[in-house]
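Step one of this worksheet: look at the structure below.
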Amino acid sequence: MDYDALIQKLGTFGPYQKHLLMIVFFPIIFNSFGAPVSNFILGEHLHRCKIPDLENDSYAVQGQHHKDLINLTIPVKLDGSYDECKIIVNGTLETCSEWVYDYSVFTRTVNSQFNLVCDDTYLHSLSVSAYFFGYVLATVTLCPLGDVIGRRKMVVIASTVEFLANIIMPFSYNVYMFIVLRFLDGAAGLAYYQGAFIIGMEMVGPSKRLFSGTLILEVYVFGEFLLVFFAYFIRDWRWLQLALGVPMVSAVCYWWPQVLPESPRWLLSRGKNKEAVKILKKAAKTNKVHFEDLPSNFRLEEEDRGLKEIFREFFHSKKLLFRWIIIVLNWFVISSIYYGLTLNIGKLGGNLYINFTVAAVMEFLGNLLCLLMDKTGRKAMHLSLMFLTGAACLSSAIPVLFGNESHNWIMVALSMVGKFGISGVYGEVFIYTGELFPTVVRSFVIAVCSFGGRIGSNSSPYMFRLADGKMKKALPLLIYGVVTIFVAFLSILLPETKKRKLLEQVEDVEHEEDLMVDSDSDLPKTSEGSEDSDCERVRLTDINNKTKNDRMQ
């Protein structure tokens with residue numbers, strides 16, 4: 001008997017699992033604010049240079065006299081708009097050091113407070129990228145710790161740091177302090193999200209794994225709806241950030257092991273059997289199932305083999321390395337497009353709040369597609385959504401290049417189709433990746449895949465700055481479309497994991513066909529006439545060793 005069969009006996013999705021998922025997934029609502037909030041706290045105001053010695057100068061024209069002063073002082077660009085960085089002083093064109101901002105959308109943002117314009121525009125992009133640089137730090141340090149110190153400890157540390165960073169952020173006294181806190185927020189946010197995701201997947205059986213993975217994605221989207229609701233009514237970035245940060249205090253309860261236990265699957269994979277049994281006993285009691293100890297035929301790790309030995313096996317598995325490379329490329333492209341469309345929603349034109357809400361709806365619907373993966377299969381869903389996203393992005397560039405402003409709605413609509421597709425694939429790739437790799441290296445693999453994703457997401461703040469004119473909107477969409485279709489073709493080489501039990505050890509990848517389960521249960525397929533439906537199977541390596549011994553005799 002292995003872990004999935006044991007969970008089936010204890011209750012695949014009993015009261016214990018439901019309570020655990022509610023506890024670990026609830027703070028995801030607030031975790032979801034991290035990256036998208038850049039649209040609001042780092043929103044770009046229209047601005048121009050302040051007229052010297054005019055104390056009550058404002059971006060909005062106050063009257064004819066004010067308009068005449070603006071025309072005499074501020075140069076006009078070829079497109080008819082006022083220059084944002086130059087001013088005429090005594091007939092000489094100079095660079096200005098003070099600005100006035102358009103407050104029709106935002107009353108105060110990080111941009112307007114710290115004047116991240118003109119020569120300091122790079123600080124705006126850096127403020128956005130800092131969050132994703134934090135992702136990179138988490139990828140190479142915090143996330144792999146999940147395989148070393150355990151899922152629970154990683155979640156506890158990350159949720160606490162995330163709360164502190166968000167509470168302190170509104171009190172930033174300069175942009176550099178803000179950037180550092182955004183960096184810490186990103187690092188802690190990713191570590192928490194991945195830890196929570198893995199705990200949710202490892203505590204349920206194969207038949208409920210898809211539901212668990214989809215649930216965390218929809219909880220994340222619910223947080224985005226809350227974000228745009230708060231952002232619509234709170235237009236000052238400090239108050240908005242504070243309102244979003246205070247509820248994160250709920251994650252402090254994770255410090256109590258009774259609230260958030262360790263993943264029994266991880267404990268068993270590392271030979272910490274006594275600790276795992278205690279947690280499983282509690283789960284059995286909550287689910288009203290009798291459980292005293294691990295069955296005698298349970299697939300048991302006698303001792304912790306250590307990460308060095310585990311990684312040695314992993315890097316000697318050509319099959320795992322090959323699929324790892326393809327998955328990393330997928331994460332790079334998916335993250336680049338997902339965050340490219342999410343963070344630059346205001347640059348597509350139209351109302352920021354409406355666009356953001358529509359994008360959130362598309363993401364919600366895209367995530368719901370993950371529930372169909374048990375019908376379609378993981379691979380079929382992945383390929384369909386990747387090709388859909390690529391086609392939508394390429395098509396959305398057409399009205400930009402060959403249309404005019406009246407056709408902008410077509411571009412936005414097609415971009416939302418791309419958002420729908422990439423949201424679906426962004427959700428299912430977490431589930432798909434978790435099923436492609438074994439428990440002993442799952443955190444490490446997802447962390448490195450995430451690293452590839454973070455390189456992609458770090459590029460997103462700069463994609464809409466690659467060109468000017470029509471190509472400013474069209475070029476990123478063209479790039480997104482081409483690379484998505486290319487990676488989709490590579491993904492054809494990945495295996496299907498539908499209704500297959502999670503790999504536990506590296507060597508299991510050589511016997512994946514033995515890990516398939518019946519369509520309506522969490523139990524492995526048995527031969528015809530077999531009455532043993534409890535999944536009483538020994539470790540695959542034991543079978544191999546026995547076969548070798550028989551041959552020697």
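The values are calculated or read from the model by the stated rules, or taken from the named source; none is laboratory data. Being a predicted model, the structure only gives us computed values, none of them experimental. Cβ: placed from backbone, ideal geometry, glycine included. Neighbour counts: every protein chain shown. Remember, those area values only see protein heavy atoms, side chains included, never the ligands or the DNA or RNA. Shrake-Rupley method; radii C 1.70, N 1.55, O 1.52, S 1.80 Å.
Observations on the structure shown:
- Summed over the range 51-64, the residues that are open to solvent by less than 40 Å² (accessible area, probe 1.4 Å) and either touching a Lys or Arg at 6+ places or on another chain (Cβ under 8 Å) or under 16 Å from Glu84 (Cα atoms) (or both) give a count of 3.
- Qualifying positions in the range 178-196 - surrounded by 24 or more Cβ atoms within 10 Å (Cβ to Cβ), under 30 Å from Glu428 (Cβ atoms) and of a type outside the set (S, T, N, Q): Arg182, Asp185, Gly186, Ala187, Ala188, Gly189, Leu190, Ala191, Tyr192, Tyr193, Gly195, Ala196
- The set of residues in the range 91-129 that are in a loop (DSSP other than H, G, I, E, B), closer than 19 Å to Glu55 by Cα and open to solvent by 40 Å² or more (accessible area, probe 1.4 Å) comprises Ser97, Glu98, Tyr103, Thr107, Asn115.
- Residue within the range 389-407 that is open to solvent by less than 40 Å² (accessible area, probe 1.4 Å) and within 16 Å of the chain's Cα centre (by Cα) present: no
- Only one of the numbered conditions (1) under 12 Å from the mean Cα position of the chain (by Cα); (2) modelled with pLDDT of 85 or more is not met by Gly421, and that is (1).
- You will find that of Val221, Val228, the residue that is within 20 Å of the chain's Cα centre (by Cα) and open to solvent by less than 10 Å² (accessible area, probe 1.4 Å) is Val221 and no other.
- Verdict on Ile149 being within 26 Å of Pro247 (Cβ to Cβ) and surrounded by fewer than 23 Cβ atoms within 10 Å (Cβ to Cβ): no
- Residue satisfying condition, being among the hydrophobic types (A, V, I, L, M, F, W, C), in a helix (DSSP H, G or I) and open to solvent by 10 Å² or more (accessible area, probe 1.4 Å), within set Val429, Val425, Val412: Val412
- Qualifying residue in the range 166-181 (condition: closer than 19 Å to Asp57 by Cβ and assigned to a loop (DSSP other than H, G, I, E, B)): no
- Being open to solvent by less than 40 Å² (accessible area, probe 1.4 Å), modelled with pLDDT under 80, over 27 Å from Thr139 (Cα atoms) and among the aliphatic types (A, V, I, L, M) is a description that does not apply to Leu300.
- Cβ pairs under 8 Å, 6+ apart, first in the range 100-127 and within 19 Å of Lys86 (Cβ to Cβ) and hydrophobic (A, V, I, L, M, F, W, C), second assigned to a helix (DSSP H, G or I) and open to solvent by less than 60 Å² (accessible area, probe 1.4 Å): Leu116/Val110; Leu116/Leu123; Leu116/His124; Leu116/Ser127; Leu116/Val175; Val117/Asn111; Val117/His124
- Pairs linking a residue in the range 56-84 that is without any contact (Cβ under 8 Å) to a residue 40 or more places away in the chain to a residue that is surrounded by 11 or more Cβ atoms within 10 Å (Cβ to Cβ) and part of a helix (DSSP H, G or I), with Cβ atoms under 8 Å and 6 or more positions apart or on different chains, are Val61/Lys67; Val61/Ile70; Tyr82/Ile70; Glu84/Cys118.
- Comparison of Val219, Val249, Val228, Val204 shows that the only residue that is outside any helix (DSSP H, G or I) and of a type in the set (Val, Ile, Thr) is Val204.
So that you can scan it fast, the table gives a plain yes or no per residue for (1) of a type outside the set (Lys, Arg); (2) more than 21 Å from Tyr135 (Cβ to Cβ); (3) crowded, with 17+ Cβ neighbours inside 10 Å; (4) at pLDDT 75 or above:
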residue	(1), (2), (3), (4)
Thr439	yes, yes, yes, no
Ser457	yes, no, yes, yes
Phe464	yes, no, yes, no
Gly481	yes, yes, yes, yes
Ile485	yes, yes, yes, yes
Phe489	yes, yes, no, yes
Lys499	no, yes, yes, no
Ser521	yes, yes, yes, no
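- Among the conditions (1) modelled with pLDDT of 65 or more; (2) open to solvent by less than 20 Å² (accessible area, probe 1.4 Å); (3) among the aliphatic types (A, V, I, L, M), the only one that Leu348 does not satisfy is (1).
- Options Val175, Val204, Val249, Val140; residue that is more than 19 Å from the chain's Cα centre (by Cα), touching a residue at least 24 places away in the same chain (Cβ under 8 Å) and open to solvent by 60 Å² or more (accessible area, probe 1.4 Å): Val249
- Test: Asn549 is of a type outside the set (Val, Ile, Thr), at pLDDT below 60 and in a helix (DSSP H, G or I): yes
- Answer residue from the range 155-169, given it is hydrophobic (A, V, I, L, M, F, W, C) and open to solvent by 10 Å² or more (accessible area, probe 1.4 Å) and is modelled with the lowest pLDDT among those: Ile157
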